[in-house]
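The values are calculated or read from the model by the stated rules, or taken from the named source; none is laboratory data. No experiment lies behind these values; they were computed from the predicted model shown. Methodologically, a virtual Cβ is constructed for each residue, glycine included, from the backbone with ideal geometry; neighbour enumeration extends over all protein chains shown. Keep in mind that these areas ignore ligands, DNA and RNA; they rest on the heavy atoms of the full protein, side chains included. Shrake-Rupley method; radii C 1.70, N 1.55, O 1.52, S 1.80 Å.
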Amino acid sequence: MERTHQERLKQIFSHLTPFDQVDLEQAYPYFTFHTFATKDYIFSCGDIVQDVHFMMDGIGRYYYTDKEGNERNKSLVRVGGAFSSVSSLVEGKPSPFFAQAITQCMTGSIQYADLIELSKNSRNWSDFLRISLERLILKKEKREADFLLLNAKERYERFLVEFGDESKRIPLRHVAMYIGVTDVTLSRIRREMGLT
């Protein structure tokens, strides 16, 4: 593994857990690195996903397709986040959704089984895994509340705060899907906010 990849992983992971160098050195051999071009798939619906792909650079999305082929963004992932399918990891089921790069992305990937093994042997890796899962649950809980309690304009305002300058890198059609509105509705909201 290149030293720059190691440093980037350390920087990202240390936001969650104060790893010491021994813990990180123990984990580095398990990681592989991948670069994805815009629109490349990290994994597809129907794949059995065994890895957790930590976002080191770029922005990606999870999305579902309905029977008519319409896409619905489940979540957006940016640096520090991760791609995986929990139903695949835990139950061995095919992923019910796609994971795709919106911008050029780089991921550091590790098999979930190796991550579990690291967590059994290291308190820091155990804490990291627990905190990562807690953040995932909190993100899902917050997103659910946004859809139940906020109107479309409030959801867009929340999106802008959450993503900050990175929001400019995300195509508006993906933003619209993410906040649960049509492209036309998002255009109207942006006009009302003086953003067009």
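Looking at (1) open to solvent by 70 Å² or more (accessible area, probe 1.4 Å); (2) at negative phi; (3) not in a strand (DSSP E or B), find the lone condition where Tyr28 falls short.
Every listed condition holds for Tyr28 apart from (1).
Any residue at all in the stretch 75-85 that's over 13 Å from the mean Cα position of the chain (by Cα) and open to solvent by 10 Å² or more (accessible area, probe 1.4 Å)? Quick ask: steps written out before the conclusion?
Here is the first cut: in the stretch 75-85, the residues over 13 Å from the mean Cα position of the chain (by Cα) are none.
Within the stretch 75-85, not a single residue is over 13 Å from the mean Cα position of the chain (by Cα) and open to solvent by 10 Å² or more (accessible area, probe 1.4 Å).
Quick one: what pairs do we get from the stretch 70-84, first residue over 13 Å from Cys105 (Cα atoms), second among the β-branched types (Val, Ile, Thr) and assigned to a strand (DSSP E or B), C-beta under 7 Å, 6+ apart or different chains?
Glu71/Thr65; Ser84/Val52
When you scan the stretch 41-98 for strands (runs of 3 or more DSSP E) that lie fully inside it, which ones turn up with 2 or more residues that are closer than 15 Å to Ser132 by Cα?
On the way: elements: 41-43, 51-57, 60-65, 71-77.
Once the strands (runs of 3 or more DSSP E) in the stretch 41-98 are filtered for at least 2 residues that are closer than 15 Å to Ser132 by Cα, what remains is 51-57.
Being among the hydroxyl-bearing types (Ser, Thr, Tyr), within 30 Å of Asp183 (Cβ to Cβ) and in contact with a Cys (Cβ under 9 Å, 6 or more places away or on another chain), is that true of even one residue in the stretch 40-61? It would help to see each step written out before you state the result.
Residues of the stretch 40-61 that are among the hydroxyl-bearing types (Ser, Thr, Tyr), as a first pass: 41, 44.
Keeping just the survivors that are within 30 Å of Asp183 (Cβ to Cβ) gives 41, 44.
Applying the additional criterion that residues be in contact with a Cys (Cβ under 9 Å, 6 or more places away or on another chain) yields none.
There is no residue in the stretch 40-61 that is among the hydroxyl-bearing types (Ser, Thr, Tyr), within 30 Å of Asp183 (Cβ to Cβ) and in contact with a Cys (Cβ under 9 Å, 6 or more places away or on another chain).
Of all the residues that make up the stretch 99-129, how many are assigned to a loop (DSSP other than H, G, I, E, B) and under 12 Å from the mean Cα position of the chain (by Cα)?
Looking only at the stretch 99-129, we keep the residues that are assigned to a loop (DSSP other than H, G, I, E, B), and these are 102-104, 122.
Right, trim to under 12 Å from the mean Cα position of the chain (by Cα) and you get 102.
The qualifying residues number 1.
Name the single residue, out of those in the stretch 95-124 being in contact with a Leu (Cβ under 6 Å, 6 or more places away or on another chain) and open to solvent by 20 Å² or more (accessible area, probe 1.4 Å), that is nearest to Ile48 (Cα to Cα).
If we filter the stretch 95-124 for residues that are in contact with a Leu (Cβ under 6 Å, 6 or more places away or on another chain), which is where we start, we get 108, 112, 119.
Subsequent filtering for residues that are open to solvent by 20 Å² or more (accessible area, probe 1.4 Å) retains 112, 119.
Values: Tyr112: 12, Ser119: 22 Å.
It comes out as Tyr112.
Pick from Ser126, Ser132: which is closer than 20 Å to Pro18 by Cα and free of Cβ contacts under 8 Å to residues at least 12 places away in the same chain? Let's see the steps before the verdict.
Numbers: Ser132 fails: free of Cβ contacts under 8 Å to residues at least 12 places away in the same chain.
Ser126 is the lone residue from the list that is closer than 20 Å to Pro18 by Cα and free of Cβ contacts under 8 Å to residues at least 12 places away in the same chain.
Between Glu117, Glu91, Glu141, Glu166, which is among the acidic types (Asp, Glu) and under 25 Å from Phe36 (Cβ atoms)?
Working: Glu117 fails: under 25 Å from Phe36 (Cβ atoms); Glu91 fails: under 25 Å from Phe36 (Cβ atoms); Glu141 fails: under 25 Å from Phe36 (Cβ atoms).
Among Glu117, Glu91, Glu141, Glu166, only Glu166 is among the acidic types (Asp, Glu) and under 25 Å from Phe36 (Cβ atoms).
Considering only the stretch 168-196, how many residues are assigned to a helix (DSSP H, G or I) and more than 17 Å from Leu150 (Cβ to Cβ)?
Step one: of the stretch 168-196, the residues assigned to a helix (DSSP H, G or I) are 168-169, 172-179, 183-192.
Then keep just the ones that are more than 17 Å from Leu150 (Cβ to Cβ); that gives 168-169, 172-174, 183-184, 187, 191.
Summing the residues that are assigned to a helix (DSSP H, G or I) and more than 17 Å from Leu150 (Cβ to Cβ) in the stretch 168-196 gives 9.
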